[in-house]
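**Q** First, the structure itself, so that you have it in front of you.
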Amino acid sequence: MCGIVGLFLKDKTLEPQLGAMLSEMLVMLTDRGPDSAGIAVYGAATKGKAKVTIQSPSPEADFAGLEAELSKKIDAKVKLLAKSTHAVIDVPAGKVEAAREAIAELRPSVRIMGAGEAIEIYKEVGLPVDVVKRFDVTKMTGSHGIGHTRMATESAVTTLGAHPFSTGPDECLVHNGSLSNHNNLRRELIREGMKFETENDTEVAAAYLSSKIAHGQNLGQALESSVNDLDGFFTFVVGTKNGFGVVRDAIACKPAVLAETDRYVAFGSEYRALTKLPGIEDAKVWEPEPSTVYFWEH
Amino acid sequence: MNVTTLAKAPQREVNYAPRVFDLDAAPLRELNLALHQVTDASDEPSWEVINPKGSHAVAAGVAQPIAVEVRGSVGYYCGGMNDRASITVHGSAGPGVGENMMSGQITVKGDASQYAGATGRGGLLVIEGNASSRCGISMKGIDIVVRGNVGHMSAFMAQSGNLVVLGNAGDALGDSIYEARLFVRGEVKSLGADCIKKEMRPEHIAKLKELLDRAGITDVKPEEFTRYGSARTLYNFNIDNADAY
């Protein structure tokens, strides 16, 4: 079991409340996944800037002085904003790869959670309510976001085993289910040059989608392909810089509810995650069909 | 006739107004405990649940012929194991509504999620919207009437009872079915292993008419349905059928 929530705002006036709305949805699904929680929020992109979210098991030691050292190393001004075990570093858009390499060199114990123009990712072991508090998620603003409460089945309960997973710029994925051909797929993707941080099945699904997108498919096509190539149980919710997608495997035993109004599209593993959303009483609420890709874009 | 004795008989307190439970104010356990504590349905025949907001197991395990009106949508296993109660959900139901129902009636005014009426042994489950996958999986005597469509793998391993679908059925209807009867008015996307189309004989028309009447459906005729059931070729293991298992 795991819990997934997702919120894609159509009404810009709701954007300041994105974090608060997502937090409430996430905490509602605590009993589907009490061991870890995570959230990806797509905030406003600044032209010429990119964000790199990093995580460290010893943030005080790792984040101290990193801003200055990194600026010097990549020869560009960066800005680091620490939030508990995570930090978001603003870097010039063309310097993301250089920053990744420099961070790996300067702070070997720091992990990159994700990078892109709009995405920020926060995930940790612990109850969703504590994870939300730790990263001050309720105050976050943005156009869309995805959250996950985890009950681990395929790999250890660690920060890196928590969702969302991001393997491409501004891309992220959360998963309820378990994949059975992830070891094979991981080997194939490693051969293509992709790098993996964990033994987790969901990371393979995220990398699979990133690989398809890197080969020219759009997210919708990549999700269509996943229905054929991934074996096992899955309900996926994915985010891109402008978009939000949902797909379920053909058996569709992992629960999923979608709701749409003029103001938002919302996803919940269960309806109760959606009950506090404004105007939910009059929303179109339905269960997404198996093997069918649903996708919304700004 | 001894009138004085009658007058002295202890007064029974009968609560005819519905007893209302607000799940925003009271925990679900309190509701279900109160429902389970009913020993004589005529004492408190009528119940109302407000603000269910997707709660799990609303009115599960009721064992008296009481009426429960649920105002809103519910989560998993609403009315599970129901015995004689009449439960109406004025909203949609999550997975497993009426699972293992024994008797009574559950009506869902909206849609039902997967495995509605799973393993049900008796009673009537009416879904006025659509039911998703595995509706009536392993049903063992329950009658299920769905006004809309049912999803894939419905009536999988269905043993007895009737599944009536006014709309369409998804893939693999009645896979590995035993003796349940399936009546579908619309299209069937595909039939599962050992499930075949069957002739509608007068007794089937009569049974269907009775079920539609009980479900309060008056705008369709039994003659518009097609019956499906077991070809009975998978009952005993036969090595020649190995591919079909």
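**Q** From the list A:THR85, A:THR138, pick out the single residue that is farther than 29 Å from A:GLU69 by Cα and either in contact with a helix residue (DSSP H, G or I) (Cβ under 6 Å, 6 or more places away or on another chain) or assigned by TED's automatic domain parsing to the domain that holds A:GLN55 (or both).
**A** It is A:THR138.
**Q** Then there's this: Can you tell which of B:ALA116, B:ALA172 is crowded, with 24+ Cβ neighbours inside 10 Å, of a type in the set (A, V, I, L, M, F, W, C) and at pLDDT 95 or above?
**A** Exactly one of B:ALA116, B:ALA172 is crowded, with 24+ Cβ neighbours inside 10 Å, of a type in the set (A, V, I, L, M, F, W, C) and at pLDDT 95 or above, namely B:ALA116.
**Q** Right, another one. With region B:151-218 as the region, which strands (runs of 3 or more DSSP E) entirely inside it contain at least 3 residues that are more than 14 Å from every other protein chain (Cβ to nearest Cβ) and in contact (Cβ under 8 Å) with a residue 40 or more places away in the chain?
**A** Those strands (runs of 3 or more DSSP E) span B:160-165, B:181-184.
**Q** So which residues in region A:263-272 are farther than 15 Å from A:ILE146 by Cα and more than 8 Å from chain B (Cβ to nearest Cβ)?
**A** Answer for region A:263-272, where residues must be farther than 15 Å from A:ILE146 by Cα and more than 8 Å from chain B (Cβ to nearest Cβ): just A:ARG263.
**Q** Condition first: within 14 Å of chain B (Cβ to nearest Cβ), surrounded by fewer than 24 Cβ atoms within 10 Å (Cβ to Cβ) and among the small types (Gly, Ala, Ser). Now tell me which residues in region A:233-253 satisfy that.
**A** Hit for region A:233-253 is A:ALA250, nothing else.
**Q** Let me ask you something else. Run down A:THR275, A:THR202 and say which single residue is within 24 Å of A:LEU22 (Cβ to Cβ) and within 11 Å of another protein chain (Cβ to nearest Cβ).
**A** Only one candidate qualifies: A:THR275.
For every residue, the table says whether it meets (1) closer than 25 Å to B:SER113 by Cα; (2) aromatic (Phe, Trp, Tyr).
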| site | (1), (2) |
| --- | --- |
| A:PHE196 | no, yes |
| A:ASP201 | no, no |
| A:PHE244 | yes, yes |
| A:TRP286 | yes, yes |
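**Q** Now, a different point. Among what's in region B:67-81 and is surrounded by 24 or more Cβ atoms within 10 Å (Cβ to Cβ) and in contact with a strand residue (DSSP E or B) (Cβ under 6 Å, 6 or more places away or on another chain), pick the residue that is farthest from A:ALA273 (Cα to Cα).
**A** Going through the qualifying residues, I end up with B:VAL68.
**Q** Moving to a separate point now. Name every residue in region A:278-297 that is touching a Leu at 6+ places or on another chain (Cβ under 9 Å) and more than 10 Å from every other protein chain (Cβ to nearest Cβ), in order of residue number.
**A** Selection gives A:PRO278, A:ALA283, A:LYS284, A:VAL293, A:TYR294, A:PHE295, A:GLU297.
**Q** So how many residues does region B:71-94 have that are within 13 Å of another protein chain (Cβ to nearest Cβ) and of a type in the set (A, V, I, L, M, F, W, C)?
**A** The number of residues fulfilling the criteria is 4.
**Q** Going through region B:123-150 one residue at a time, which ones are part of a strand (DSSP E or B) and small (Gly, Ala, Ser)?
**A** Hits for region B:123-150 are B:ALA131, B:GLY141.
**Q** Within region A:59-76, identify whether any single residue is more than 30 Å from A:ALA266 (Cβ to Cβ), of a type in the set (A, V, I, L, M, F, W, C), free of Cβ contacts under 8 Å to residues at least 24 places away in the same chain and in contact with a helix residue (DSSP H, G or I) (Cβ under 7 Å, 6 or more places away or on another chain), and answer yes or no.
**A** Within region A:59-76 (the criterion being more than 30 Å from A:ALA266 (Cβ to Cβ), of a type in the set (A, V, I, L, M, F, W, C), free of Cβ contacts under 8 Å to residues at least 24 places away in the same chain and in contact with a helix residue (DSSP H, G or I) (Cβ under 7 Å, 6 or more places away or on another chain)), the answer is yes, since at least one residue qualifies.
The values are calculated or read from the model by the stated rules, or taken from the named source; none is laboratory data. All of these numbers come straight from a predicted model, not from anything done at the bench. Cβ coordinates were reconstructed from backbone atoms using ideal geometry, including for glycine residues, and neighbour counts include every protein chain displayed.
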